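The values are calculated or read from the model by the stated rules, or taken from the named source; none is laboratory data. Quick caveat: nothing in here was measured; it's all calculated off a predicted structure. No Cβ is skipped: glycine too gets one built from the backbone with ideal geometry, and neighbour counts run over all protein chains shown.
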Amino acid sequence: MNGNVEVVADATGARDFLRRFIRTRSAVLGFILVVLAVATAVLSPWITPNDFSRTNMAFIWEPPGQDFVLGTDAVGRDVLSRLIVGAAVSLVVALSVLSIALVVGTTAGMVAAWKGGWFDAFVMRTADVTLAFPDLIVAILIAAMLGPGIPTVILSLAVVSWPGIARITRSLVLSLRSELFVDAAIVSGTAARTILLRHCLPNIVPALIVRASVGVGFVVMAEATLSFLGLGVQEPLPSWGGMIRDGLPALRSEPHLALAAGTALGLTIIGFNLLGDGLRDLLDPRIRER
Amino acid sequence: MISRKLARSLVLATTMALGMTAAAQARDLRININADPEMIDPITFSALIAGDVLRNVYENFTKVDENGKVLPALALKWTASADNLNWRIELRPNVKFHTGRPFGAKDVKASFEALLAPGSKAGLQLQYLQRIVGAKDVQDGKTKDLVGVKIVSPLVVEVAFTAPDVLFPIYPFMFFDTQVVADKGPNWFMQTSAGTGPFQFVSWQRGQNVQLKAFKDYYGGAPKIDGLRFVVVPSEETAVTMYEAGELDVLVPASTDLSRRIMRDAKLKAQAQMTPNAQITFLGMNQNLYAPFKDKRVREAFCISIDRDAMTRGLFGGLAQPLYGQITPGIAGYNPSVKKIAYDPERAKKLMADAGFPNGRGLPPLKIANLAPFRNEIAYYADQWKQVLGIQVDLDIQERATFLRSLNAGETPFFSWGWSAGYPDALYYLSQVWHSKSPFNRARYSNPGFDALIDRATITADDATRYRQYHAAEALLLDDWGTCGLFMRTAVTVVKPNVKGVVLSPMRILPYGKVTIN
Amino acid sequence: MTAYVLRRLLGLFPVLVAAIILTFAANRFVPGDPITIMLGDQGGNVVLERKLRAEYGLDRPVSVQFVDYVSGLARGDFGLSFRYPGVPVTQVIKDALWISPLLAAAALTLAIPIGIALGVLAALRRNTLADTGIILILVAGLSIPNFALAAFFVWGFALKLGWFPVAGWTTWKHAVLPVVILAIPAAAYLARLARTFMLEVLQQDYVRTARAKGLSERLVVWRHSLRNVLVPILTVCGLIFGGLITGTIVVETIFNIPGLGRIAIESIFARDYPVTMAIVMLFTLFYAVINFAVDVLYGLVDPRIRVEAVR
């Protein structure tokens, strides 16, 4: 992973990076999809055509048409509006999860790498044990204790995400320790915290960005799965996973709900994955074209 | 297991292909249930799905036909004494239990004693025994002998009451062979069948099915089918596909969504039976658990914010009618002049403001609880309350058994629910659901005037007078806005054309004893 | 080698211990008193309450309960279900026990050849349209959640085309859509890995040498490259199988298959904690054991491990 250090330290690297990024078609596609999803989420208070929880007894299961672009659901709610607000819900959850996981993970990884000894061993063991549980199982465990809901989703996904980040951070910091400029800082008596935050962190950022962008896709997928199972986002807040669950029984005569939510979900996660893959291909020297 | 099924379906397919449809088929009738039965033993019996299953296994003094008329079942004749404190019941001869032993007066007494025994966890039936002389002593453990029940002869029993209980013979008991408890222990109901009904219990594979088999020695004639299989299918879409694929013979929808879909599908509609469902629905507003509900104006505001007409037209697609009271049409004691509830958003807003919650401000957080098949109803109510009253009501979708248990414990502050008639008289609704002493008064509503009227009604033998007392009690309940009716659903059942004898009554599907499959 | 195996076995230990402690804790420190819930409308019945508490062993000190729990686990006794009073948990889950691993195994069997084939193909046709096309398909397969895939598949293959039943579990046809949907993300993951490894291997010296020597392309691919790709693929299978097992949770719910996954979800909503925890334990066990087995297999196959002294 030393290559990352070189990339960022090089001033012209950023321009070069951008050029290569644009040339990778899939990464650009991913970027577009992600921007679409994020824009939808951010602009949701203004672009929803109808109130997402407004029921309408006269328009139950309307097919897509003039009044309701994507049709209505079982209680006459506008599917398009729910889809848009669902974007906001999914992304807010994903953002929360990633924020927590990044903060906890990088802190744990950095301190573990720096301190070493029993703390390092403890953090790594905890990370290993956490990773040994399949992610959905952890979510089920927490859901059984806390009950279904957004806090459950955020907590369980954060618990599952931090070990990976901690591992990366730790190995990066360990390799950085042997770098010259870090040595110089230590010798000149700089405090550990300054070294970690001012010198190491910027060099870790590219790897974290890659990790985060791939991670968002996973978190969105996991949250949708939990909402689909009924453990996640609860009514009346819409969520794509929940909409698919509501739409499945009507698939034969009114497929528009399940298919619309499924498409939105699929495209968003594809976008994040393509973007993440693109970033990783560009930043990880091992896979680069020879 | 798969290969046996495959073999059977192959044989079936070949048979049908060869056009050999003349002879009636002796096989299981398959019906869907959307969750496991809540219990499978007659003592703790208290819930709907269990009732649908157990009605085929256990019987009562009387039964009901598709028009709600009371007919003899295990009892042939019942006469009340002049002072109404005594019922003389003559039982049907030559009735056998599934265990092989004969049914008689001793079993009536023994069943009652088993229900009353301390620690029995008895369900619905316990209430019907409260007025029998000596019942309290048995419940308190002072004695095992229920003195109020006298075995006059092997087939005649006389029951004495502390106060008149005019509807005693139509109470839905479930008589079982109590000897089986001594034979098999307290979990006997999982291993053996001890009723008198046309079908015997065979097995319950949790999450999969409940299997019953035909009882050859049934007094009404052995069923012409092999047995009943109640298949647990939580997903309604799956149930429809299974029905269309021939894996179910009878399709019973739970949600309104599915009922609508059935009626819009030409093929399914042609095979559907419909009947108004003798089931009241109501809003449960527990005044002890949510303080604002103590104010009558708040209760009324919630009730009149719902547009019942729009709901029955839209959500139910016409498969329901608005319900204004707490008695359903067609049930003895119904009041055709019950006051209608008009959809009045303006008045609702004013009431809330008068009560000190203008536009919903100041109200503590509120959730309405119900089950997944009924999420659309409560989504609609919640939205109406938001639009009209400005109140944010969250939806609390719970799992069935958990929901029922917390309802029974009186721990649910706000819910919408229903109550199906167990016997064809309005007393069932009024006394079970709204009398303060009933364990099934899930909203824990308490109105002494109402209680007094109901208490008086249960001892009034004259029908006309009693019905007037029902009307008065209902009026008290409704004027106080203790609750409000919501809707009365039209029950829909889809039956394969080659299956005859499935009878959908207002009180759910009658026992399948006379079904034939061609 | 034995040292390696022992070390791996030792690594299993903390996971299992953590699982046991976590599930026990979750069982005890849940919201609400399960006995009160079970009593329901019999809430005031003290005799019954005491009886139930004794039956479930909840009237003893926590430490005694824990010891009992662990010794019970050793015997395969997971305690009594809350939802079905008096019924042992083992009885609730025993019929479902074989279904989830079977689905996962079937999906894996489907995913491995398809995944490897796609990945190798993409690597061989690198940077052509075929490569890009396959990559996009793979990303889609990995990105679209299995229940969304199910929505599309059921709509297309079951409803519109009528080739397969929508749901249920009585004939072999009922297994097709669930297994296919489970297999897709696994196959996509394997394909990407296979492609990456294959690309690396194709760059290796000995492959270039073989090409220079004029050996046929087919020989180059099969003899020299594929074998080296298979080993890393194998090690990932453990991870994938774990993912498949959890994937069965969603698939069983959609297709109404009476497996462990569906019971797990139902038991959460029914607040049947003993059952939930038992299934959590079992899934974790599957996962850990599979990973352990794969680790050992890897150790057997990779000579570097066999010879290596201390990591």
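The numbered conditions (1) crowded, with 19+ Cβ neighbours inside 10 Å; (2) within 25 Å of B:Asn84 (Cα to Cα); (3) at pLDDT below 95 are all true for B:Ala461 except (1). Quick one: is B:Pro234 modelled with pLDDT of 90 or more and not in a strand (DSSP E or B)? When the stated conditions are applied, B:Pro234 does not pass them.
Can you tell which of B:Ser438, B:Ser416, B:Ser420 is polar (S, T, N, Q) and either touching a Lys or Arg at 6+ places or on another chain (Cβ under 8 Å) or free of Cβ contacts under 8 Å to residues at least 40 places away in the same chain (or both)?
Of the residues listed, the single one that is polar (S, T, N, Q) and either touching a Lys or Arg at 6+ places or on another chain (Cβ under 8 Å) or free of Cβ contacts under 8 Å to residues at least 40 places away in the same chain (or both) is B:Ser420.
Selection of the range A:251-265 for residues being surrounded by fewer than 21 Cβ atoms within 10 Å (Cβ to Cβ), facing another protein chain (nearest Cβ under 7 Å) and assigned to a helix (DSSP H, G or I) yields only A:Leu259. Filtering B:Val388, B:Val433 for residues that are of a type in the set (A, V, I, L, M) and out of contact with any Ser or Thr (no Cβ under 6 Å at 6 or more places or on another chain) leaves a single hit, B:Val433. Per the listing B:Thr14, B:Thr44, the residue uniquely among the hydroxyl-bearing types (Ser, Thr, Tyr) and at pLDDT below 80 is B:Thr14. Just one of the listed residues (A:Arg15, A:Arg82) is surrounded by fewer than 18 Cβ atoms within 10 Å (Cβ to Cβ), among the basic types (Lys, Arg) and either in a helix (DSSP H, G or I) or modelled with pLDDT of 90 or more (or both), namely A:Arg15. Restricting the search to helices (runs of 4 or more DSSP H) fully inside the range B:296-395 and requiring at least 3 residues that are within 14 Å of chain A (Cβ to nearest Cβ), of a type in the set (A, V, I, L, M, F, W, C) and under 28 Å from the mean Cα position of the chain (by Cα) gives B:375-384. Within the range C:129-179, restricting attention to residues that are among the β-branched types (Val, Ile, Thr) and assigned to a loop (DSSP other than H, G, I, E, B), the residue that is surrounded by the most Cβ atoms within 10 Å (Cβ to Cβ) is C:Val166. Selection within the range B:68-84: residues that are touching a Phe, Trp or Tyr at 6+ places or on another chain (Cβ under 9 Å) and not hydrophobic (A, V, I, L, M, F, W, C). The member of this set that is farthest from B:Ile132 (Cα to Cα) is B:Pro72. One residue alone among B:Lys224, B:Lys150, B:Lys136 is of a type in the set (D, E, K, R) and either assigned to a loop (DSSP other than H, G, I, E, B) or within 23 Å of the chain's Cα centre (by Cα) (or both), and that residue is B:Lys224.
Being without any contact (Cβ under 8 Å) to a residue 12 or more places away in the chain, closer than 29 Å to B:Met39 by Cα and surrounded by 13 or more Cβ atoms within 10 Å (Cβ to Cβ) is the requirement here; does B:Lys142 meet it? Answer is no for this residue. State the number of residues belonging to the range C:234-275 that are among the charged types (D, E, K, R) and within 8 Å of another protein chain (Cβ to nearest Cβ). Here the count works out to 3. Whenever a residue of the range C:80-99 is more than 8 Å from chain B (Cβ to nearest Cβ) and of a type in the set (A, V, I, L, M, F, W, C), its partners that are surrounded by fewer than 16 Cβ atoms within 10 Å (Cβ to Cβ) and part of a helix (DSSP H, G or I), lying with C-beta atoms within less than 8 angstrom and at least six residues away or across chains, give the pairs C:Leu80/C:Glu55. Taken over the range B:224-267, the criterion of being more than 14 Å from chain C (Cβ to nearest Cβ), of a type in the set (Lys, Arg) and in contact (Cβ under 8 Å) with a residue 24 or more places away in the chain is satisfied by B:Lys224, B:Arg260, B:Arg264. Here is a check on your reading of the model: is C:Leu103 buried (at least 18 other Cβ atoms within 10 Å of the Cβ) and either farther than 21 Å from C:Ile233 by Cβ or in contact with a helix residue (DSSP H, G or I) (Cβ under 7 Å, 6 or more places away or on another chain) (or both)? Answer is yes for this residue.
For the range B:397-414, give me each residue that is touching a strand residue (DSSP E or B) at 6+ places or on another chain (Cβ under 6 Å), under 21 Å from B:Lys294 (Cβ atoms) and either assigned to a strand (DSSP E or B) or of a type outside the set (S, T, N, Q) (or both). Across the range B:397-414, the qualifying residue is only B:Phe414. Inside the range A:24-54, residues that are buried (at least 20 other Cβ atoms within 10 Å of the Cβ), touching a strand residue (DSSP E or B) at 6+ places or on another chain (Cβ under 9 Å) and free of Cβ contacts under 8 Å to residues at least 60 places away in the same chain make up a count of 0.
Per this entry, A:Val220 is not counted among residues that are in a helix (DSSP H, G or I) and more than 30 Å from B:Pro373 (Cβ to Cβ). Do we find that C:Ala105 is within 24 Å of A:Leu275 (Cα to Cα), of a type in the set (Gly, Ala, Ser), more than 14 Å from chain A (Cβ to nearest Cβ) and assigned to a helix (DSSP H, G or I) in this structure? Against the criterion (within 24 Å of A:Leu275 (Cα to Cα), of a type in the set (Gly, Ala, Ser), more than 14 Å from chain A (Cβ to nearest Cβ) and assigned to a helix (DSSP H, G or I)), C:Ala105 does not qualify.
Across the range A:123-144, a minimum of one residue is classified as within 12 Å of chain C (Cβ to nearest Cβ) and in a loop (DSSP other than H, G, I, E, B). The set of residues in the range C:86-139 being among the β-branched types (Val, Ile, Thr) and either on the phi > 0 side of the Ramachandran plot or out of contact with any Phe, Trp or Tyr (no Cβ under 9 Å at 6 or more places or on another chain) (or both) consists of C:Val87, C:Thr109, C:Ile112, C:Ile114, C:Ile116, C:Val120, C:Thr128, C:Thr132, C:Ile134, C:Ile135, C:Ile137, C:Val139. Residue count for the range B:183-199 satisfying the condition of being closer than 28 Å to B:Lys63 by Cα, out of contact with any Asp or Glu (no Cβ under 6 Å at 6 or more places or on another chain), more than 14 Å from chain C (Cβ to nearest Cβ) and not small (Gly, Ala, Ser): 3.
Residue count for the range B:63-82, restricted to those that are touching a residue at least 40 places away in the same chain (Cβ under 8 Å) and under 16 Å from B:Asp107 (Cα atoms): 2. Of all residues in the range A:85-124, those being at pLDDT below 90 and hydrophobic (A, V, I, L, M, F, W, C) number 11. Here C:Ala278 meets each of (1) more than 10 Å from chain B (Cβ to nearest Cβ); (2) in contact with a strand residue (DSSP E or B) (Cβ under 9 Å, 6 or more places away or on another chain) with one exception, condition (2).
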